[in-house]
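Taken together, the values in this text are just the output of simple stated rules run on the coordinates, not laboratory data. None of these values were measured; they are calculated from a predicted model. Using ideal geometry, Cβ is built from the backbone for each residue, glycine included, and neighbour counts are taken over all protein chains shown.
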């Protein structure tokens, strides 16, 4: 066991140092915040698609996919994979905002349509999302080094965060995109290595995976329906995704977003097979961790490398997006410097690491924040309607309130209409979506009456 742990430490340290050497140095604002090359070239389809996919295949996400496969079989895998259809929704809306609306960023759209206060509220939601991404992904890395709360667990999280921060400080979003392309290739190769290890050992072969689970509300379909609801609002509070929607030409961007949806859906569905395999073996706990232990040292190191790869890609993107939001989107022209962005990254890394000492639930980082931002669906889907600022605040406000009530377990039983796990989540998301659209449109309707 100690030898395995030593190899894991070597893996993390080697990964961080290698990417620090590979990462380019960004000296200009355009390179650091918009990933422009030294010659001013924008990211191409391959680079942009790779970055979109791997920065959304978080360590948290593949851990959740495996755990849902363990709990609900293929139903759980499909349910979580549906979130990746967010790329299609975001790709269409961002393309329209740029080509038809002539907006230069999400913040530019909100500022022109709904004013400075709306921008601040939106930025707080985005900040909360990015903040969650730090601790929820580094916790996954820690779980491979020791039990939650152990010295090895905390040590791995801190070292991994510092190494990822180091190469991101060097090049900002430019570093993030270039390393993402490498990480995407590594992830794809390692995923198929893992599948090659587990599938030959499964009685019945691939048929066993596709026939696992039960398609009922209480056994995963609740979450599947929640995902279908949240994909119309969820992507817009994720600046890791939306920032990449404005750094290449509109045509390249739309194509990349559509490709990312297909690739991301397939990758997450395939990784849920790890959980289904765990189910066939009668395992419990963290599916990916337990399966890697079952398969031996080599498999554990491969699984660890997959988690390191996916967590690093998300973490560097979160640091880059936090810096861009604070310095470019919310700052004045005089404040838009590379140095200020690097300072924001350091402060954000510290703040985002603190929650690990409270041992929060990983899946809650997705489901609760997804409910809190339901109000963004009408704000972006109905962007052609020139609504008043109050429309934004009413729609977004009701989503935040419902998300907080859900997190506190304060939803009245009379409003929970579906049985089983995630029944309360589905009920609140249906109620919240209807309320958000109605409240968004009401001021416009009354204005015309």
Taking 0.36 nm per residue of separation between residue 445 and residue 294 and subtracting their Cα-Cα distance, the length gained on full extension comes to 48.3 nm
Please state the relative contact order of the range 2-360 as a whole percent: Cα pairs under 8 Å, 6+ residues apart? 39
Per-peptide average of other Cβ atoms within 10 Å, ordering 142-148, 52-58 highest first: 52-58, 142-148
In nm, to one decimal, how far is the residue 421 label point from the residue 434 one, both placed 7 Å along Cα→Cβ? 2.7
Taking the reciprocal of mean 1/r across every pair of different Cα atoms in the range 79-186, the Kirkwood radius in Å is 17.1
Gaussian network model of the chain, Cα within-10 Å springs - most flexible of 88, 229, 206: 206
Take the chain, connect every pair of alpha-carbon atoms lying under 10 Å apart with a spring to form a Gaussian network, then pick out the residue of 405, 47, 426 with the largest mean-square fluctuation. 405
Alpha-carbon radius of gyration plus Dmax, which is the widest Cα pair, for the range 157-222 in Å: 19.1, 49
Return the tail of the calculated pair distribution for the range 2-360, meaning the percent of Cα-Cα pairs more than 28 Å apart. 42
Residue 388-residue 189 pseudo-label distance in nm [points 7 Å out on the Cα-to-Cβ vector]: 5.9
Using R₀ = 35 Å, calculate the FRET efficiency as 1/(1 + (r/R₀)^6) where r is the Cβ-Cβ separation of residue 148 and residue 414; round to 0.05. 0.45
